[in-house]
1. Under the condition of being of a type in the set (S, T, Y) and touching a residue at least 12 places away in the same chain (Cβ under 8 Å), which residue from the range 15-67 is farthest from N94 (Cα to Cα)?
2. Tell me whether the range 87-109 contains one or more residues that are within 28 Å of the chain's Cα centre (by Cα), of a type in the set (G, A, S) and part of a helix (DSSP H, G or I).
3. Looking at the range 102-120, is at least one residue more than 21 Å from A37 (Cα to Cα) and not small (G, A, S)?
4. For the range 166-191, how many residues meet the condition of being out of contact with any helix residue (DSSP H, G or I) (no Cβ under 7 Å at 6 or more places or on another chain) and under 22 Å from Q22 (Cβ atoms)?
5. Any residue at all in the range 125-134 that's free of Cβ contacts under 8 Å to residues at least 24 places away in the same chain and over 26 Å from G69 (Cβ atoms)?
6. Looking at (1) in contact with a Leu (Cβ under 7 Å, 6 or more places away or on another chain); (2) closer than 30 Å to I50 by Cβ; (3) in contact (Cβ under 8 Å) with a residue 24 or more places away in the chain, which is the one condition that is false for T146?
7. Go through (1) more than 28 Å from the chain's Cα centre (by Cα); (2) surrounded by 15 or more Cβ atoms within 10 Å (Cβ to Cβ); (3) not in a helix (DSSP H, G or I) and name the single condition G126 misses.
8. If only one of I199, I108 is surrounded by 15 or more Cβ atoms within 10 Å (Cβ to Cβ) and outside the structural domain of V87 (by TED's automatic domain parsing), which one is it?
Amino acid sequence: MELANKLQESLNITSNVTLDNQKSFLETTLGKVINTALDTGIRVLLPDLIEDQIINIKDEIINNGFKSGVQEAISSAVDLGKSVVGVFTGKFDNVTQVRNAVKSGGIIDGISSSLDYALNFCGKFGKIPQTICSILKSGKNALLDTISNNIESEFENQISSVEKISKYSDNWKEYYNNKDFEGMEKEIKKLEKELQKTIPLENTIKEARNIENLHTLIKNKGGDFNLTKEELELSKMLIN
């Protein structure tokens, strides 16, 4: 019973996909993507600057309005975009919904406004030389194109990751049906690796977490596939 209780507790926690953790993931993931794209764009627009100067300029932009503006843009894009595309569940079910919500929410417009604010602030208070601010302002469209392309690339990576999760889940089920624990171990490691970098999607996460729970249950029983009815019900995993 103790093992069953632990399994149920794990299931309740890991399957809880909410709008808040989806937003948090997007802020973190897209924030990193945008950060990298900004770095790349600055290097293109200011090729004569040395590494330390590039880093300093990027840090000043990020810390003086850009970072907070990007977070707000992502959050607003998710809220507005979900309404526009008709997603009212409070959660995303697939990557296409997320991508459409971000597009519909006008995230690039929000990033553009944040970049304007940061450059104006940095120029006004001498944090970045006015000449450099002017160059970056004149090249803003190029910066935004780089950011937009990087965001699109990240969504392609997300789609690929979700497809891999589906593939590894199917592979795990096949090994489970054949009572091949070694094969199951191989697939669960790949599955868990992909879960770490995938947008929390209700259906995808629920199935993958259920597989993790069932796998853990069998592993804790020393690879014993003779599970009780209660244990199988608690895992909430349909093996077809």
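The values are calculated or read from the model by the stated rules, or taken from the named source; none is laboratory data. As the structure is a computational prediction, the values presented were derived from the model and not from experiment. Note: ideal-geometry Cβ built from the backbone for every residue, glycine included; neighbour counts use all protein chains shown.
1. The extreme case among them is T40.
2. Yes, the range 87-109 contains a residue that is within 28 Å of the chain's Cα centre (by Cα), of a type in the set (G, A, S) and part of a helix (DSSP H, G or I).
3. So far as the range 102-120 goes, no, none of its residues is more than 21 Å from A37 (Cα to Cα) and not small (G, A, S).
4. 1
5. No, every residue in the range 125-134 fails to be free of Cβ contacts under 8 Å to residues at least 24 places away in the same chain and over 26 Å from G69 (Cβ atoms).
6. Against the list (1) in contact with a Leu (Cβ under 7 Å, 6 or more places away or on another chain); (2) closer than 30 Å to I50 by Cβ; (3) in contact (Cβ under 8 Å) with a residue 24 or more places away in the chain, T146 comes up short only on (1).
7. Result: G126 passes all but (2).
8. I199
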